[in-house]
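Step one of this worksheet: look at the structure below.
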Amino acid sequence: MSIRDVLQLNLGILKQQVEQVADDQMCVQPSGLVNHAAWNLGHLAVTADVLGRTLGIGEPVCPASWPKKFGIGSMPTDDASVYPNKATLLTTLEKAFLNAIEIYENTDASILDALSSVERLRDRFGTNGNFAMMLLTSHMGMHIGQISAWRRAMGFASMF
């Protein structure tokens, strides 16, 4: 299984997770779960764009206003007017990750093997390639878990 296969699998899971969720439910914060479905999807899209910036390659897919709403340090709110609708979130998420995987697959090995260009990430990931691998796989998996917990708190049945 390739990294592209893992990404496609994860994107499919994310789509399934929110398939039955109505637009007006996407920002509900049940049982104190702050990271609702809308924020998780937007956050993943924004972090996919981070890969291109980290490697110095490509253009971002997400609108310029999204990093403030969904980036590291953003605070999710239950005000649905702050967020794009579910269809926009899913479309942008998929485009951002397909762009990120293209960037990763077409990046010269010397850039991927170099020390992380983001100094604060070097202790944790070491190289640009290690950071890219985490961003394209386990980071998404962590947010799949958050949405899974959110779904259960919302009363949706388990998918697994």
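Every number in this text was worked out from the coordinates using simple rules, so none of it is lab data. Note that the structure is predicted; figures quoted are calculated from it, not measured. Virtual Cβ from ideal backbone geometry, glycine too; neighbours counted across all protein chains shown.
Tabulated data for the structure shown
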{"read-out": "Residues whose placed amide H lies under 5 Å from that of Thr127, excluding near-sequence neighbours", "value": "Ser116"}
{"read-out": "Burial ordering of Arg124, Arg53, fewest other beta-carbon atoms within 10 Å first", "value": "Arg124, Arg53"}
{"read-out": "Backbone HN-Hα couplings from phi across region 48-63 [Karplus 6.51/-1.76/1.60, Hz, Gly and Pro as x]", "value": "4, 5, 4, 4, x, 5, 5, 8, x, 9, x, 10, x, 9, 6, x"}
{"read-out": "Nitroxide proxy distance, nm - points 7 Å out along Cα→Cβ at Arg124 and Arg53", "value": "1.5"}
{"read-out": "For the chain, size of Cβ-based charge dipole, Lys and Arg +1, Asp and Glu -1, in debye", "value": "300"}
{"read-out": "Cα-based reach from Lys69 at 13 Å (exclusive), listing aspartates and glutamates while leaving out same-chain residues under 8 positions away", "value": "Asp78, Asp79"}
{"read-out": "Volume of the Cα convex hull of region 32-160, divided per residue and given in Å³", "value": "119"}
{"read-out": "Per-peptide average of other Cβ atoms within 10 Å, ordering 102-115, 8-21 highest first", "value": "8-21, 102-115"}
{"read-out": "Cα-based convex hull, region 91-147, per residue volume (Å³, whole number)", "value": "83"}
